Amino acid sequence: MDNMIRFETISNYNAFNNNETLHPLVSVVDLSKANPRQGSRMYFGFYTIFLKDVKCGDLHYGKNTYDYQEGTLVFLAPGQVAGVNSNGETYQPKGYALVFHPDLIHGTSLGKHIHDYTFFGYQSNEALHVSERERKIVLDCFSKIQYELEHAIDNHSKRLIVSNIELFLNYCTRFYDRQFITRDNAHKGILERFENLLNEFFQTDKPKTFGLPSVAYCSGELNLSSNYFGDLIKKETGKSAQEYIQSKLIDIAKEKIFDINKSVSEVAYELGFKYPQHFTRLFKQKVGYTPNEYRIMN
């Protein structure tokens, strides 16, 4: 799977899959029309959402491998690379792909909020698994977009196409919320590992070496993408991952401040702050008092 195919335009991808290009910036691609092929790596210069209907090998995305099952949605943002490893075997693609170029949504409501759909930054092992009912909703959204593409272009075409893409993405947000809930036990395990990770971090000299633990560092240690990790923590705790880290930091800082043999600056350095005044500012913001005021009060 060393060869890479680059798709910069919607028409390129349509041609590769034997689909007609009805609009230069958007397409609902019927993958069953494609010729049988072997796995390869693919670069996409546009937003791409795959609805895979059959197992067709292992998806390689980033540094992870994901085993496709029926009813799986995978989201790619422009500039990302994905590929299927079919182990040298030829397979017949099936399912659908919704592809749309960033130029389609410029100046629209969706264009302003596209970055709110954080699942475009998820890794393949964090893909969305849809139920049969959810799959019907996905296909219904695709059908409405396809209808507009086949309809004679008029003053309403772009607005209706973009509105239906936005509707589809909003449904996907709901489906991901459902997936977070149905995988509650697994996620509680991640939350526990996150808590242990922070405790271990602050009990060592890592803060002096690495500084404050970032969301990227924590998600990496837990083998999750930053976006998925952040969304998961928000769903589980009501706090952002950054707020959770800061909350843990303040709890540990309160304990350290009771050691009157250490100055506030020493405490700040032990916690990973490069500048003590940044620690003082954050502490007052979260606690309502400066570290010195808190020490005197207690």
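The values are calculated or read from the model by the stated rules, or taken from the named source; none is laboratory data. Computed from a predicted model, the values in this text were never measured in an experiment. Every residue, glycine among them, receives a Cβ derived from its backbone with ideal geometry; neighbour counts consider all protein chains shown.
Key figures for this structure:
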| quantity | calculated |
| --- | --- |
| Residue 198 vs. criteria surrounded by 12 or more Cβ atoms within 10 Å (Cβ to Cβ), modelled with pLDDT under 90 and not assigned by TED's automatic domain parsing to the domain that holds residue 75 | no |
| Complete set of residues in region 62-104 that are hydroxyl-bearing (Ser, Thr, Tyr), assigned to a strand (DSSP E or B) and either surrounded by 22 or more Cβ atoms within 10 Å (Cβ to Cβ) or modelled with pLDDT of 50 or more (or both) | 72, 91, 96 |
| Scope region 82-133; condition over 28 Å from residue 15 (Cβ atoms), free of Cβ contacts under 8 Å to residues at least 60 places away in the same chain and polar (S, T, N, Q); matching residues | 109 |
